[in-house]
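Everything below concerns the one structure shown next.
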Amino acid sequence: MDDIVIVIIGAVILVGGVILYAVISTATGMEEDENNNYIPDWIERKFPSIFKSSKDLD
Ligand SMILES: [Ca+2]
């Protein structure tokens with residue numbers, strides 16, 4: 001297999017895992033999610049430029 005394919009698969013798994021963690025952790029109440037967008041609020045506070053909806057948070 002080409003190296004580029006392995007890199008792409010790795011990146012997809014990494015991003016998918018983060019999204020999966022965010023949705024599962026907020027849906028189950030493991031992480032605080034006051035604005036109910038399935039993104040843990042601490043991540044939104046850490047990256048306010050990525051998550052525009054973080055304006056909902058103080
Ligand atoms: Ca949130």
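Nothing in this text is a laboratory measurement; each read-out follows from the coordinates by a stated rule. In this text, all values refer to a predicted model and were calculated from it rather than measured experimentally. Here Cβ is always computed from backbone atoms with ideal geometry, including for glycine, and neighbour counts include all displayed protein chains.
Quick notes on this structure:
- Inter-site label distance for Thr28 and Ile13 at 7 Å from Cα along Cβ, in nm: 2.1 nm
- Along region 19-27 the Karplus relation, 6.51 cos²θ - 1.76 cosθ + 1.60 evaluated at θ = phi - 60°, assigns HN-Hα couplings of 5, 4, 4, 4, 5, 5, 5, 7, 5 Hz to successive residues, with x for each Gly and Pro.
- In the chain, the alpha-carbon atoms span a convex hull of 84 Å³ per residue.
- Based on Cα contacts under 8 Å between residues 6+ apart, the chain shows a relative contact order of 20 percent.
- Full-extension gain in nm, Tyr21 to Arg45, via 0.36 nm per residue minus C-alpha separation: 6.9 nm
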